[in-house]
1. When you check B:Phe84 against the structure, is it touching a residue at least 12 places away in the same chain (Cβ under 8 Å), more than 9 Å from chain A (Cβ to nearest Cβ) and part of a helix (DSSP H, G or I), yes or no?
2. Can you say whether A:Leu214 is at the interface with another protein chain (Cβ under 10 Å from one of its Cβ atoms), surrounded by fewer than 20 Cβ atoms within 10 Å (Cβ to Cβ), at negative phi and assigned to a helix (DSSP H, G or I), as far as the supplied structure shows?
3. Any residue in the stretch B:23-44 that is in contact (Cβ under 8 Å) with a residue 24 or more places away in the chain, among the small types (Gly, Ala, Ser) and not in a helix (DSSP H, G or I)?
4. Out of (1) surrounded by 14 or more Cβ atoms within 10 Å (Cβ to Cβ); (2) within 11 Å of chain A (Cβ to nearest Cβ), what's the single condition that is false for B:Phe116?
5. If we keep just the residues of the stretch B:218-263 that are surrounded by fewer than 19 Cβ atoms within 10 Å (Cβ to Cβ) and at pLDDT 90 or above, which is farthest from B:Leu126 (Cα to Cα)?
6. Can you pull out every residue in the stretch B:135-156 that is hydrophobic (A, V, I, L, M, F, W, C), facing another protein chain (nearest Cβ under 7 Å) and in contact with a helix residue (DSSP H, G or I) (Cβ under 6 Å, 6 or more places away or on another chain)?
7. Please go through the stretch B:254-290 and give me each residue that is farther than 21 Å from B:Ile73 by Cβ, touching a residue at least 60 places away in the same chain (Cβ under 8 Å) and not aromatic (Phe, Trp, Tyr), ordered by number.
8. Any residue at all in the stretch A:161-179 that is crowded, with 17+ Cβ neighbours inside 10 Å, facing chain B (nearest Cβ under 9 Å) and not hydrophobic (A, V, I, L, M, F, W, C)?
Amino acid sequence: MMRRLSSGWVTLTLFSLGFFTFIYLPLIIITVYSFNSNPVNMMVWDGFTLDWYRGLFGLQERVDDLGMNRAIYVESTDQLIAALKNSLTIAFFTTSISTVIGTATAIALARYRFRARGFYSGFLLIPMMMPDIVLGIGLLIFFVTIGFQLSLLTIIIGHCTFLISYVFVVVQARMAGMDPALEEASADLGASEWLTLRKVLLPQLAPGIVGGALLAFVISMDDLVITYFIAGTGSTTLPLFIFSMVRRGVKPEINAIATLIILASVVIAALGLWLRSRKTD
Amino acid sequence: MTRKGRQNTVLAALLAPVTLYLGVFFLCPLLIIALFSFLEPGLYGGVVWNFYHWNYGRIFGWADGLIEVYEPIYLQILGRSLAFATFTVLASLLLCYPVAFWVSRLPEKWRASFLFLVTLPFFTSLIVRLYAWLLILKPSGVVNNALMSLGLTSAPIDILYTPFAVVLGMVYIMIPFMFLPVYAAVDNLDRSLVEASLDLGANRVQTFIKVIVPQTLPGIVGGSMIVFIPSVGNFVVPDILGGAKGLMIGNLVEQQFLSARNWPFGSALSMIIMAVVLTVLLVFVTRARKSAVGMS
């Protein structure tokens, strides 16, 4: 390979570095400008400030030299906290439900031979491929038609419809690399189906289940489109809250919220990676 | 109970939840969209339970001449959505393919880190990533500030609220979905075939077209499909970056449901999105099956 450490390789390297700049520059720009003190034109640097973060948490009301109140721009910190709480509640229940159902399905398809098996393994991919807007309005019409009040519960139900499939895919991938001999041994030694499942299969599957659950949690926390259609009044989630803020126009506080979200997701992703590398050791 | 009988009980217990759940909360919603698309819209939202095909007539060119009017704009917007999605696929492929190639040639210890770097944005909020582009593209944004301070333009140029901005935004959020399948294919590339082709006198372009592309085609097709499908029905990206010129079919659907309150018409529009998606999936599955038969 080294003999072709040529101009071609150099071009390719430069292109790739440009690619990674393209991916990360927007996130870096948000982070940097969330500390910009210019309240009028937020993309013109005017000095460092933490005011937007302080305002976000409702910590400080500062009156500057001109007698203007600069820190409090978020209409309601309470709304932001409520949205975050809603998102966490939804993600918690969604993750639990879809992890249980998705794992059960993956086990059924990997360990049993039955006639509808091919149908199930194909059908389970469709919720992932269905455009979220179609699923969103379908659920909206469905809930309204059967007279189901839109609430946090409808959002949880909606998220699970496609997250079951995600968990299924991740757990199934884990199962594919597992040796069925252990379960056969357990069955031969007289353990019941359930006992084998609980004591032999599930412990081996654990990394896959954790991975699927983590993925479900992240996607649920970030879902905008389906939530947008089936959220009732009072069940605004974090992405929905930011979406409506962005629609009303750019504001310095949004930079601060965005930076905190970027930080949180980087930490979660790094944690997930660290867990995975520990598991494989 | 026999062993077989016990196994069947366990299997039924494992499959019952998913069957019930997806039957009620996935299939029913899809069927109800199909049903609603053939119902008459009520005067003040809601529906009248009459068979009504004008919802489709408004889109495809027949009108009752009284209330429902055929508007070519709907087909135009559908065409635009297909075009935007196609451009998104092409642009993300052109970006990801060379980089995937580059990453696959890196020393092993670096590869995992770069793969992590590609997937990391996926874990960051979608709306935050689009908001970042809003800051970059807006008239007083990063790009225009840079252009003006370099003296390249005296007044801000319109980048935001153009088709370009929409495609750029979609490419940006779709990159991980294109990258991973393409990377998997490039990584599996049989390098001895490439060497053989070069040794036998084919030049680099010929080798690329005749050897590398066919071998990595499954990844290219898979990535393209995974990017195309969510792009066609997207409404968040055009909502934030698109403006009137960047309106896509997803925005039409959203308007029908949340402002115009014409649910049957919105359902008919979503049926079109679904039809496009199913066509793409069907083409993909039959192709995949064919090539699997060809391989064995």
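The values are calculated or read from the model by the stated rules, or taken from the named source; none is laboratory data. What you see is a predicted model, and the numbers here were worked out from it, not measured in a lab. So basically every Cβ, Gly included, is an ideal-geometry build from the backbone, and we count neighbours across all protein chains shown.
1. Values: touching a residue at least 12 places away in the same chain (Cβ under 8 Å): yes; more than 9 Å from chain A (Cβ to nearest Cβ): yes; part of a helix (DSSP H, G or I): yes.
Yes, satisfied.
2. Working: at the interface with another protein chain (Cβ under 10 Å from one of its Cβ atoms): yes; surrounded by fewer than 20 Cβ atoms within 10 Å (Cβ to Cβ): no; at negative phi: yes; assigned to a helix (DSSP H, G or I): yes.
Judged against the criteria, A:Leu214 is not a match.
3. Within the stretch B:23-44 (the criterion being in contact (Cβ under 8 Å) with a residue 24 or more places away in the chain, among the small types (Gly, Ala, Ser) and not in a helix (DSSP H, G or I)), the answer is yes, since at least one residue qualifies.
4. (1)
5. Only one residue fits best here, namely B:Val221.
6. Within the stretch B:135-156, the subset hydrophobic (A, V, I, L, M, F, W, C) is B:135-137, B:142-143, B:146-148, B:150, B:152, B:155.
Retained after the next criterion (residues that are facing another protein chain (nearest Cβ under 7 Å)): B:135-136, B:142.
The answer is B:Ile136, B:Val142.
7. Of the residues in the stretch B:254-290, the ones farther than 21 Å from B:Ile73 by Cβ are B:277-290.
This time we only want the ones that are touching a residue at least 60 places away in the same chain (Cβ under 8 Å), so: B:284, B:287-288.
Residues satisfying the conditions are B:Arg287, B:Ala288.
8. Yes, that holds for at least one residue.
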